[in-house]
Amino acid sequence: MGKLYNLLVIGSSNTDMVVQVDHFPKPGETLLGGDFFMNPGGKGANQAVAAVRLGGKVAFIGKVGKDIFGKETLENLLREGINIDGISQDEVHPSGVAQITVDKNGENCIVVASGANMALGAGDMEKNSKLIHQAEIILLQLEIPMDTVSLVVKIGNEAGKKVILNPAPAQALDDEVYAGLFAITPNESETTLLSRIQVKDEPSAAKAASFFHEKGVKVVVITLGAKGAYLSAGEYKGIVPAPKVHAVDTTAAGDTFNGALAVGISKGISLREAVEFANRAAAYSVTKKGAQSSVPRLSEIE
């Protein structure tokens, strides 16, 4: 058995393969690119790494292929101190990969081949039911099958767990999913897609939060980039501002925020303090390049 934990992340892991180019190729064009580098990524893995670096006790349930990328993912998560008992190696599907092309202006084009991530199903949840029942908090995203997300929300809710959903990449959610959530953490564009309310200021964020509360979600946190996050929970409703920083790369800022928020909640601090903590962690992450390479450690943001 791996180490003890109270925070369980269920989600995706990818290997990001990045090539820098002068401009994006046209159909049929071959370009000579510049630097190439590989980074561990995937929303689930990013959030698990953020949570463990920021002081959480973390386990991860996911799926990788029986290939070099899967092996490196397992080694990387283990090195971070994450319990990987819930990660299985798929006999059929390859590990998830993302091909990322970045042009001279910093714009990017991304193609994701989800591979084994999309094979994470009900059987895996059954096999790892002990892991699920031992956790206090379960953190989910939408880079695994929607049926699996729905099942985990149902199991977690029935077992009295605090289930947090980061609805990214955004897609329609069933009412049963909303009703089983402790918290939802969409960004502005995800909020608009889910609620049909465009978030542009505090009143529109409040209106969108009401949509989620009416669906049964207890805690709503709408992330607002450099402005911070709008928190709506119980007595507290309002924008929690983020520290002002010079942003270099916003990759994985949202994942850092979610990992940090889950840690804050697991420590039993107030929701406002948990959002302040998450804002600080996300602000620090945008001052560095890369996905998991930009995620801070607790000592760096204290």
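Structure notes:
- The sole residue among 87, 132, 100 that is farther than 16 Å from residue 68 by Cα, of a type outside the set (D, E, K, R), part of a strand (DSSP E or B) and in contact with a strand residue (DSSP E or B) (Cβ under 9 Å, 6 or more places away or on another chain) is 100.
- Considering the range 123-167, the residues that are under 13 Å from residue 44 (Cβ atoms) and of a type in the set (Val, Ile, Thr) include one that is surrounded by the fewest Cβ atoms within 10 Å (Cβ to Cβ), namely 148.
- Top-ranked residue of the range 25-72 - restricted to ones that are among the basic types (Lys, Arg) and closer than 25 Å to residue 289 by Cα, ranked as surrounded by the most Cβ atoms within 10 Å (Cβ to Cβ): 43
- Looking only at the range 81-101, residues that are closer than 30 Å to residue 25 by Cβ and not hydroxyl-bearing (Ser, Thr, Tyr) come to 7 in all.
- Residue match in the range 210-226 (condition: part of a helix (DSSP H, G or I), surrounded by 15 or more Cβ atoms within 10 Å (Cβ to Cβ) and at pLDDT below 95): yes
- Within the range 265-281, being crowded, with 24+ Cβ neighbours inside 10 Å and closer than 18 Å to residue 140 by Cα holds for 265, 274, 275, 278.
- Tallying residues that are basic (Lys, Arg) and modelled with pLDDT of 95 or more within the range 167-209 yields 2.
- Verdict on residue 22 being acidic (Asp, Glu) and either under 19 Å from residue 83 (Cβ atoms) or assigned to a strand (DSSP E or B) (or both): no
- Taken together, the residues in the range 243-302 that are assigned to a helix (DSSP H, G or I) and not small (Gly, Ala, Ser) amount to 20.
- Residue among 252, 260 that is modelled with pLDDT under 95, under 16 Å from the mean Cα position of the chain (by Cα) and crowded, with 24+ Cβ neighbours inside 10 Å: 252
The values are calculated or read from the model by the stated rules, or taken from the named source; none is laboratory data. On a predicted model such as this, the values are computed, not experimentally measured, just so you know. Counting neighbours? That spans all protein chains shown, and the Cβs are built from the backbone with ideal geometry, glycine included.
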